[in-house]
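Written below as structure tokens is the structure these notes are about.
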Amino acid sequence: MTASDPRPRVVVLAGGVGGSRFVAGVRGGLRARGVADTASAITVVVNTGDDLWLSGVRLQPDVDSILYALAGVNDTARGWGREGDTERVNAELQAWGAGWPWFTLGDLDLGTHLARTGWLREGLSVTEVVGRLGARWPLGARLLPMTDTEVDTRVIVSDAGRMRELHFQEWWTRHRAALDPVRFENPGIAEAVPAPGVAEAIAEADVVLIAPSNPVVSIGPILAVPGIRGALRDTAAPVIGVSPIIGGRVVRGMADVCLTAIGVETSAAAVASHYGARADGGLLDAWLLAEEDAAAADDVARGGIRPIVAPLWMTDADASAALAARALQAAGV
Ligand code: GDP
Ligand code: CA
């Protein structure tokens, strides 16, 4: 790409809630500078580490968060699922004792899961299924799963002094991350390969953005797919991350508990150093940190990562677009 190219190729690594807001911001940022065809500019590599089977259907929480948010059909008040959804089928499932009593599946949401499961059963790959899901609405971005094979997230917790293994959703949704995690495991990840198009998109990108998603259970699994770190190291594109931590706190969710479990402090600088400087075999060329964390900029710079202080609150579409525009500007695209 040259400075005059109006349509930079942007790759975003993303999880669900933080990821979807940021990806919508990238789309908004590109639209604001006149890029009409954002779908051929933006490739989102989505975490599939928390996908799961429940009541016979395949759920992809992060894919669906991004899909619904970009389509504008997400429930913004609740923060997950479809706007205006009902729970008739869920009540019936609960009456049968099927699924998990603490996990709600909306009716419209179940429509998505059934469509997805049907296509998987017909033999489509996860990439093809995500492509079909993404074709219903004009999303303005191409969604790719991180891998086509099934990868899980398990949490090893210490419960009253006893070690116990839980499914990530049980730990997160049922226990609200209140059980002390000792570590996270991703069964299946060592055998996984990047989904078709992922390594190519990273190699051909003008910029790679790491969304302000959970570094441990959203970005972590993407980076753990063998081949993805190498692709990030080898690309000529700058790799720029956005801190999910503002003023020493997570904005939404419980990423702090996850960070503590892997021995990383809940601070913008600590997450930057967890990702590491590219010059040092890590990932990042630059790191966007909040104005509240400006004092940590020197620390980040000392670690070999260019700090960029900017407003990081994605409070509405304009704020998210401005944040994404700042990240693109930092990359010189
Ligand atoms: P999940 O997969 O649904 O858990 O969502 P993600 O992993 O994509 O995002 C969760 C992370 O987003 C949390 O760690 C939050 O700190 C971060 N986050 C949420 N909203 C904001 C925001 O407005 N600004 C920033 N910088 N981070 C945010
Ligand atoms: Ca997730």
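No value in this document is a laboratory result; all are computed from the given coordinates. Remember, predicted model here, so these are calculated numbers, not experimental data. Here the Cβ positions follow ideal geometry from the backbone for every residue, glycine too, while neighbour counts run over all protein chains shown.
Quick look at the numbers
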item: Amide H contacts under 5 Å for Leu54, placed H, 5+ residues apart; result: Leu59
item: Relative contact order of the stretch 221-288, pairs being alpha-carbon contacts under 8 Å that are 6 or more residues apart, as %; result: 36
item: Sites Ser55 and Arg233, calculated FRET efficiency, Cβ-Cβ separation with R0 56 Å, nearest 0.05; result: 0.85
item: Within the stretch 1-75, trypsin sites (Lys or Arg not before Pro) in DSSP loop having at most 13 other beta-carbon neighbours inside 10 Å; result: Arg33
item: Overall form of the stretch 235-333 per C-alpha gyration tensor (a/c, 1.5; a/b vs b/c); result: oblate
item: Rounded if a/c under 1.5, otherwise prolate or oblate - the stretch 1-145, Cα gyration tensor axes; result: prolate
item: Where labels lie 7 Å past Cα in the beta-carbon direction, separation of Trp137 and Asp159 in nm; result: 3.6
item: DSSP beta bridge pairing in the chain, given as percent antiparallel to the nearest 5; result: 40
item: Average Cα contact separation per residue, the chain, under 8 Å, 6 or more apart, as relative contact order %; result: 20
item: Length gained when the stretch Ile262-Ala95 is fully extended (0.36 nm per residue, less Cα-Cα span); result: 56.2 nm
item: Three-way shape label, the stretch 196-242, alpha-carbon gyration tensor, a/c 1.5; result: oblate
item: Value of [θ]222 nm, deg cm²/dmol, for the chain, DSSP H segments ≥ 4, -39500 (n - 2.57) each, nearest 500; result: -10000 deg cm²/dmol
